[in-house]
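A short write-up of the structure that comes next.
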Amino acid sequence: MKLGIFGGTFNPIHFGHLRAAEEVREKLNLDKILFIPASIPPHRPLTELVDFSHRYEMVKKAIANNPYFFVSDIEGKRAGKSYTVDTLEILISEKKDIEIFFIIGLDAFLGIKTWKTPEKLFQLTHFIVIPRKAPKKYMIETLNYFFSKIKIEKNCFYLPTGKIVYYCPISSLNISATHIRRLIREKKSIRYLVPSSVEEYIYTYGLYRGRNEKCD
């Protein structure tokens, strides 16, 4: 099974995340997309990060009508920071018949040398890199940091580990969770930026409004 892994804080999940996952799934012919909310992200500030349980429930509601989308609480069950390499090793140990494709933004991919044991990541998973503001050429510089020889064919980078890094252009919806949180603080509408079920959940629990957030 070809399994796409989409990790992130999803703080909150929005239509940009969902559309990206859908296009990646179609382009790479993936069987499933597994959304994995991070519990304690190692490379993100914890400011405005609501509790894992809220973010997990919002993802669950957002993907409810897509038969190809699933969500895992694997990182919420572990203590400490949510390291990708640990998560992938657990998934592979539990399901021997999966081929993993890790979905990541180009900006995050360019900083992968700062991740926990990045060399092992290139052995565990293929990468699907979604364009961001940084030019595509910087991908080569990042990969050359780890490998002396890389075979390149159009948007595919073939690694000595047998894995492939795919550069995958998709539609850009220009939606950010930071902007959504700011709109909520300013008591402005977030309609059409997030699924209606997520919008309702945010308002029900008073998320992203500051110190008065409910924690239940």
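The values are calculated or read from the model by the stated rules, or taken from the named source; none is laboratory data. Everything quoted here is computed from the prediction, not taken from an experiment. In this analysis, Cβ positions are derived from the backbone assuming ideal geometry, glycine residues included, and neighbour counts consider all displayed protein chains.
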### Query
In region 1-32, how many are exposed (fewer than 15 other Cβ atoms within 10 Å of the Cβ) and either of a type in the set (S, T, N, Q) or assigned to a loop (DSSP other than H, G, I, E, B) (or both)?
3
### Condition met for Ile190 (touching a helix residue (DSSP H, G or I) at 6+ places or on another chain (Cβ under 9 Å) and either exposed (fewer than 12 other Cβ atoms within 10 Å of the Cβ) or farther than 18 Å from Phe10 by Cα (or both))
no
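Kindly indicate the residue of region 33-50 that is surrounded by fewer than 16 Cβ atoms within 10 Å (Cβ to Cβ) and in contact (Cβ under 8 Å) with a residue 12 or more places away in the chain and also nearest to Arg182 (Cα to Cα) among those meeting that condition.
Arg44
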### Query
Just a yes or no: is a residue in region 118-129 exposed (fewer than 15 other Cβ atoms within 10 Å of the Cβ), within 23 Å of the chain's Cα centre (by Cα) and either closer than 25 Å to Met58 by Cβ or aromatic (Phe, Trp, Tyr) (or both)?
no
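Name the single residue, out of those in region 99-145 being among the small types (Gly, Ala, Ser) and not in a helix (DSSP H, G or I), that is farthest from Ser176 (Cα to Cα).
The selected residue is Gly111.
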#### Entry: Verdict on Ala134 being within 17 Å of the chain's Cα centre (by Cα) and surrounded by fewer than 20 Cβ atoms within 10 Å (Cβ to Cβ)
no
### Summary
Taking region 87-98 and keeping residues over 17 Å from Ala38 (Cα atoms) and either basic (Lys, Arg) or assigned to a helix (DSSP H, G or I) (or both) leaves Ile92, Ser93, Glu94, Lys95, Lys96
### Message
Restricting to region 156-210, and then to whatever is assigned to a loop (DSSP other than H, G, I, E, B) and in contact with a strand residue (DSSP E or B) (Cβ under 7 Å, 6 or more places away or on another chain), can you tell me which residue is nearest to Arg55 (Cα to Cα)?
### Response
Ile170
### Task
For region 141-151, state whether one or more residues are in contact with a helix residue (DSSP H, G or I) (Cβ under 7 Å, 6 or more places away or on another chain) and hydroxyl-bearing (Ser, Thr, Tyr).
yes
### Query
What pairs can you find where one residue is in region 170-183 and within 14 Å of Thr9 (Cα to Cα), the other is polar (S, T, N, Q), and their Cβ atoms are less than 8 Å apart, with a gap of 6+ or different chains?
Ala177/Thr9; Ala177/Asn11; Arg181/Asn11
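Which residue out of Tyr138, Tyr145 is among the aromatic types (Phe, Trp, Tyr) and at pLDDT below 95?
Of the residues listed, the single one that is among the aromatic types (Phe, Trp, Tyr) and at pLDDT below 95 is Tyr138.
Of all residues in region 1-28, count the ones that are out of contact with any Phe, Trp or Tyr (no Cβ under 9 Å at 6 or more places or on another chain) and β-branched (Val, Ile, Thr).
1
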### Task
Tell me, please, whether a residue that is of a type outside the set (Ser, Thr, Tyr), exposed (fewer than 15 other Cβ atoms within 10 Å of the Cβ) and in contact (Cβ under 8 Å) with a residue 24 or more places away in the chain can be found in region 60-74.
yes
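Scanning region 75-110 for residues that are among the small types (Gly, Ala, Ser) and surrounded by 13 or more Cβ atoms within 10 Å (Cβ to Cβ), which turns out nearest to the chain's Cα centre (by Cα)?
Ranking the qualifying residues of region 75-110, first place goes to Gly105.
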### region 48-77: number of residues that are in a loop (DSSP other than H, G, I, E, B), over 25 Å from Tyr208 (Cβ atoms) and not hydroxyl-bearing (Ser, Thr, Tyr)
1
